[in-house]
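Single-structure report; data block below.
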Amino acid sequence: MDRPIIVILSASLALSALCLSCSAGTADPVQGSTSGGESRVVGQTPIPVQIPFTFDKAKAWAHLLKQCAFGPRTSGTEAHRLCRDWLLEEVKNACGNSRLQPFSHRWSQSGKTINMWNVIGDQNWKDATTRVVVLAHWDTRPTADMEYDYKNQKKPILGANDGASGVAVLLELMRVTKDKLPKDLGVMYLLVDGEDLGPNLDEMFLGAAYFSKNPGALKPDYGILIDMIGDKNLSIPMEPNSDDWASPLLKAFYQNASKAGLGKWFPQTWGTRIEDDHIPMNQNGIPTIDLIDFTYDAWHTLADTPDKCSPDSLEHVGAALETWLMKTPVWKYPVRN
């Protein structure tokens with residue numbers, strides 16, 4: 001957005017919680033390198049490739065459809081529990097260690113305690129010298145609060161993009177990196193619950209907050225969050241809160257995406273300031289950036305369905321993450337001055 005004033009938007013924030021903020025659009029964009037080299041065709045768009053990748057968009061797309069087949073994965077529902085069990089089996093197949101991290105929350109809307117679970121898998125975690133957590137939320141919004149018709153606002157969303165897309169990418173990415181990571185790199189795949197419960201910010205990002213306060217004996221050095229990255233018209237600009245908390249990581253990641261030939265989908269310009277799972281991660285000492293495309297008309301509506309998403313978009317994000325994680329030497333998060 002190029003306006004001097006923008007609206008602060010959460011990846012899962014109800015309309016009633018919106019507030020005004022100064023725009024990050026006036027900041028100078030990062031100066032990235034140009035792409036070149038051979039071309040790889042994705043959909044109808046030739047991508048100049050300097051860094052190879054093996055991410056399979058068809059497998060990722062199947063993971064997105066599988067999640068949606070469960071229906072809305074609202075925390076505390078039967079569909080949510082069934083999806084949890086399926087996710088854990090997928091993580092077990094790809095990661096040396098896998099587990100559920102249970103927690104609970106007393107929900108203001110029902111007065112009942114809801115049981116939730118983060119689904120966690122890691123690769124080469126114990127022996128690594130640099131540890132990265134890559135995360136996405138797997139729960140879906142219990143209310144379609146952005147519907148125009150008030151009769152539909154209490155219905156749960158399917159969450160093809162807002163939920164399933166990020167998880168789909170991580171499930172395929174963990175297959176790609178299994179037994180292939182640089183020897184000094186450990187990767188944790190974290191599927192967080194309770195991101196989208198709401199209705200307001202004080203009842204959101206619950207799984208990320210719980211994990212960041214209970215990360216285990218070997219704490220991640222830094223994190224990368226992906227959210228709402230399946231949109232057909234994908235564009236993931238740099239998120240200003242990520243720059244405030246983890247600027248070296250943000251700039252290095254976008255420069256790497258440019259070198260990989262993915263600069264079209266990861267423009268080195270400023271996007272909207274977002275409240276998302278990366279906020280509690282940063283607040284609790286894990287520098288984390290948010291990769292998010294918030295220009296999505298179906299956000300928090302019943303129209304957030306697979307037809308609004310694209311396998312190509314999943315591939316662009318998966319390739320950006322794969323080329324980042326597989327690079328040698330492993331990038332280490334620099335200490336701020």
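The values are calculated or read from the model by the stated rules, or taken from the named source; none is laboratory data. Quick caveat, the model's predicted, so the values are computed rather than measured. All Cβ positions, even for glycine, are placed from backbone atoms using ideal geometry, and neighbour counts span all protein chains on display. Heads up: the accessible areas ignore ligands, DNA and RNA and are worked out on the full protein's heavy atoms, side chains in. Shrake-Rupley method; radii C 1.70, N 1.55, O 1.52, S 1.80 Å.
Taking the stretch 274-313 only, how many residues are of a type outside the set (Ser, Thr, Tyr) and closer than 22 Å to GLY207 by Cβ?
23
Assuming ILE114 fulfils every condition listed in (1) more than 29 Å from VAL176 (Cβ to Cβ); (2) part of a loop (DSSP other than H, G, I, E, B) apart from one, which condition is it?
(2)
Give the stretch 254-287 a look and list any residue that's open to solvent by 40 Å² or more (accessible area, probe 1.4 Å) and closer than 30 Å to PRO199 by Cα, or say none.
Those that are open to solvent by 40 Å² or more (accessible area, probe 1.4 Å) and closer than 30 Å to PRO199 by Cα: ARG273, GLU275, GLN283, ASN284, GLY285.
Taking the stretch 196-215, which residues are under 18 Å from VAL119 (Cα atoms), surrounded by fewer than 24 Cβ atoms within 10 Å (Cβ to Cβ) and out of contact with any Phe, Trp or Tyr (no Cβ under 8 Å at 6 or more places or on another chain)?
ALA209, LYS213, ASN214, PRO215
Name the single residue, out of those in the stretch 291-337 being over 23 Å from GLN268 (Cβ atoms) and charged (D, E, K, R), that is surrounded by the most Cβ atoms within 10 Å (Cβ to Cβ).
ASP304
Which numbered condition in (1) open to solvent by 20 Å² or more (accessible area, probe 1.4 Å); (2) at pLDDT below 95 is the only one that LYS251 fails?
Result: LYS251 fails condition (2) only.
Quick one: what pairs do we get from the stretch 91-104, first residue modelled with pLDDT of 95 or more and of a type outside the set (A, V, I, L, M, F, W, C), second open to solvent by 60 Å² or more (accessible area, probe 1.4 Å) and assigned to a strand (DSSP E or B), C-beta under 6 Å, 6+ apart or different chains?
SER104/THR113; SER104/ASN115
Looking only at the stretch 75-99, which residues are open to solvent by less than 60 Å² (accessible area, probe 1.4 Å) and closer than 24 Å to MET188 by Cα?
SER75, HIS80, CYS83, ARG84, TRP86, LEU87, LEU88, GLU90, VAL91, ALA94, CYS95, SER98
Can you tell me which of ASP231, ASP244, ASP193 is surrounded by fewer than 19 Cβ atoms within 10 Å (Cβ to Cβ) and in contact with a helix residue (DSSP H, G or I) (Cβ under 9 Å, 6 or more places away or on another chain)?
ASP244
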